[in-house]
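Notes follow once the structure below has been shown.
The values are calculated or read from the model by the stated rules, or taken from the named source; none is laboratory data. Note that the coordinates shown come from a computational prediction; the quantities given were computed from them, not determined experimentally. Here Cβ is always computed from backbone atoms with ideal geometry, including for glycine, and neighbour counts include all displayed protein chains.
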Amino acid sequence: MTGATLVVGELHDGALSEATKEAVGVAQTVSAREGVIGFLAGSSSRAMASGFGRYGVGRCVVVEDARLDGAVAAVVAHMVAQAADSVGAELIVVGGTTFGRNVVARLGVRWNAAVATGVTGLARSGTMLDVRRPVFGGRATETRQLEGNHAAVAIRPHAFSVAEESPVDVALTVLAADGVPAAYWSPKRLGVEAAPRGSGPTLTDASIVVSGGRGVRAAENFHLVEELAASLGAAVGASRAVTDAGWRPVGYQVGQTGKAVSPQLYIAVGISGAIQHLVGMVSSRVIVAINSDASAPIFKVADYGVVGDLFQVVPALTAEIRRARGQ
Amino acid sequence: MEIVVCVKPVPDAETRLRTSTDGTTLDIEAVKFVLAGYDESAVEQALLLKEASPGSKVHVVSAGPPPRTEEVLRASLALGCDQATWVETAPGVAPDPVSTARALARVVSAVPHDLVLCGKQAGDDEAGVVGAALGELLALPDFSAVLDLRWDPATSRLRFQRGTESGVEKWEASLPCVVSLQQAWNDPRTAKLPAILKSRKLPIAKVPLETSGSPVGTSRSTKFELPPPRTGAKIIEFKTPEEAAQKLVRILKEEAKVFP
């Protein structure tokens, strides 16, 4: 594999998303800089292509068609495959979002690509690509070899640094949204509500997660966990004991039957550390546990522990963090 | 409504993982296999839709080796699925997710399917690829990370929510389509003993894994590594909660370097 690498761009608040900038960063490590080509679809794609130029990507394929705003990933994957063929790409890199994973899966069929998702490492190995990716909730890391002429990978959020800024002019290639199966156009996105804290991908994509467990004792005490999370700009999670008791909705649950998270920092408040919970958070980079029981299993997987009363320690910690962050 | 639900057996979460001596495979001998967590939600969703639309049928399909695949199909029948098909793979042959989707698509395309349900991903390889790949193979749109799915008979439309990076998205789609479910939002039911006993005798259609090329596809595992065992927390000594807080913030800043 020595051909070009196409980076599928996603927009967030009128600019390239962090996930896309990470995808550009990793693409530039496996392809020569001039071999990295951007892709954008949607009504503002032509205007937004300069966003790729800011990170040293001098060429971009755009599909400027308002029908692509809010279209299903199937439509976009169709156009990405056409774009990849038009520029002779051999590798497609997409940010690790729901959309990105769907596009990559579609390309496995439409573009006959070897695919991998949740990728935390990407390197050439002879004519093939080796990817590394966590499996079993981060309890193991798999190396997977991608064979054949085409590969498509979705990277894991926060696993790679964003590309460095090095502005260049962007040459555009314009494609029309032709040949997309009619069935792919018909679904309608009716609206989007910003995610409530602690539910949806805010929890799975957050770089810091603060979770509360049985030690919080009652729903009305859970604000202690939420205030600590707010002081850090973190997402809020909970153990199964909390969601089973109805103190917080099931969307907050981290663990085997809830969500798996792997943030940079995970703070477990009043969580004993049942295996059910541990499999959902053990791949976090740094784990802090606050629990009154020194023998709680959570202290075996944590990096740092505070053995103490969470009703005293957590408010003090929230206050100290606010002070340190000038809030 | 003709509903097809695709499921996968995965090792129980309490399984201790070990690698083979050469590190090329995970040693999952003597492991208990269960229905993947997200797939439990898909089965539950299929049964809820069936109960809401009389005359509906739920056909459960799985691709994998014996005996675990037969076990999760029987478990799905015990929960209330009407029919089961097993694409049998040889033990030790691990098709990549796209090849698995191809095997499932061959079964699905040959049976009535208004709605194809999957779990968003399985807790073992965590690829999350099969649902969307199935959509592409069947030329149907697919929707992943679906939280709440309702069928509106008046308009003949599915209405659902998806938990994505943008927040909670509301969608509407007509049938047929593929839907991959977010986990555990619908509190999956458990099977009753008489149903479990009865499911042992129900027929399961068996089809061989047909492939035009490599049975495993174009991506394959070459190595597995386990993280170094965690050595236990460094316990922070303190006299007052304030002292604990100050020490912890200093550690997060200077030692762990994760302070925002």
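Given the residues A:Ala81, A:Ala123, which is the only one that is farther than 16 Å from B:Thr222 by Cβ and either more than 8 Å from chain B (Cβ to nearest Cβ) or part of a loop (DSSP other than H, G, I, E, B) (or both)?
Being farther than 16 Å from B:Thr222 by Cβ and either more than 8 Å from chain B (Cβ to nearest Cβ) or part of a loop (DSSP other than H, G, I, E, B) (or both) holds for just one of A:Ala81, A:Ala123, which is A:Ala81.
Does the range A:127-137 contain at least one residue that is touching a residue at least 40 places away in the same chain (Cβ under 8 Å), within 7 Å of chain B (Cβ to nearest Cβ) and of a type outside the set (Phe, Trp, Tyr)? Yes, some residue in the range A:127-137 is touching a residue at least 40 places away in the same chain (Cβ under 8 Å), within 7 Å of chain B (Cβ to nearest Cβ) and of a type outside the set (Phe, Trp, Tyr). Reported count of residues in the range A:162-187, each being part of a loop (DSSP other than H, G, I, E, B) and away from chain B (no Cβ under 14 Å), is 13. Scanning the range A:136-148 finds no residues that are among the aromatic types (Phe, Trp, Tyr) and at negative phi.
Suppose we filter B:Val216, B:Val207 for residues that are surrounded by fewer than 20 Cβ atoms within 10 Å (Cβ to Cβ), outside any loop (DSSP other than H, G, I, E, B) and more than 9 Å from every other protein chain (Cβ to nearest Cβ); which single one remains?
Values: B:Val216 fails: outside any loop (DSSP other than H, G, I, E, B).
After applying the criteria, what remains is B:Val207.
So which of A:Gly270, A:Gly212 is outside the structural domain of A:Ala159 (by TED's automatic domain parsing), at pLDDT 95 or above and touching a Phe, Trp or Tyr at 6+ places or on another chain (Cβ under 7 Å)? Quick ask: steps written out before the conclusion?
On the way: A:Gly270 fails: touching a Phe, Trp or Tyr at 6+ places or on another chain (Cβ under 7 Å).
Just one listed residue meets the conditions, A:Gly212.
A count restricted to the range A:303-315 and to residues that are of a type outside the set (Asp, Glu) and surrounded by fewer than 21 Cβ atoms within 10 Å (Cβ to Cβ) stands at 5. A single entry from A:Gly100, A:Gly96 fulfils the requirement of being in contact (Cβ under 8 Å) with a residue 60 or more places away in the chain, assigned to a helix (DSSP H, G or I) and surrounded by 24 or more Cβ atoms within 10 Å (Cβ to Cβ): A:Gly100. Take the conditions (1) surrounded by 22 or more Cβ atoms within 10 Å (Cβ to Cβ); (2) within 24 Å of A:Thr29 (Cα to Cα); (3) in contact with a Phe, Trp or Tyr (Cβ under 8 Å, 6 or more places away or on another chain); A:Val75 misses just one of them, which is (2).
The residue that is modelled with the lowest pLDDT, counting only those in the range A:5-41 that are more than 25 Å from A:Val180 (Cα to Cα) and of a type in the set (D, E, K, R), is A:Asp13. In the range B:144-182, the residue that is modelled with the highest pLDDT out of those that are facing chain A (nearest Cβ under 7 Å) and closer than 14 Å to B:Tyr38 by Cβ is B:Ser144.
Restricting attention to strands (runs of 3 or more DSSP E) lying wholly within the range B:10-90, give those where 1 or more residues are closer than 30 Å to B:Pro228 by Cα and in contact (Cβ under 8 Å) with a residue 40 or more places away in the chain.
Values: elements: B:33-35, B:57-64, B:83-88.
Those strands (runs of 3 or more DSSP E) span B:33-35.
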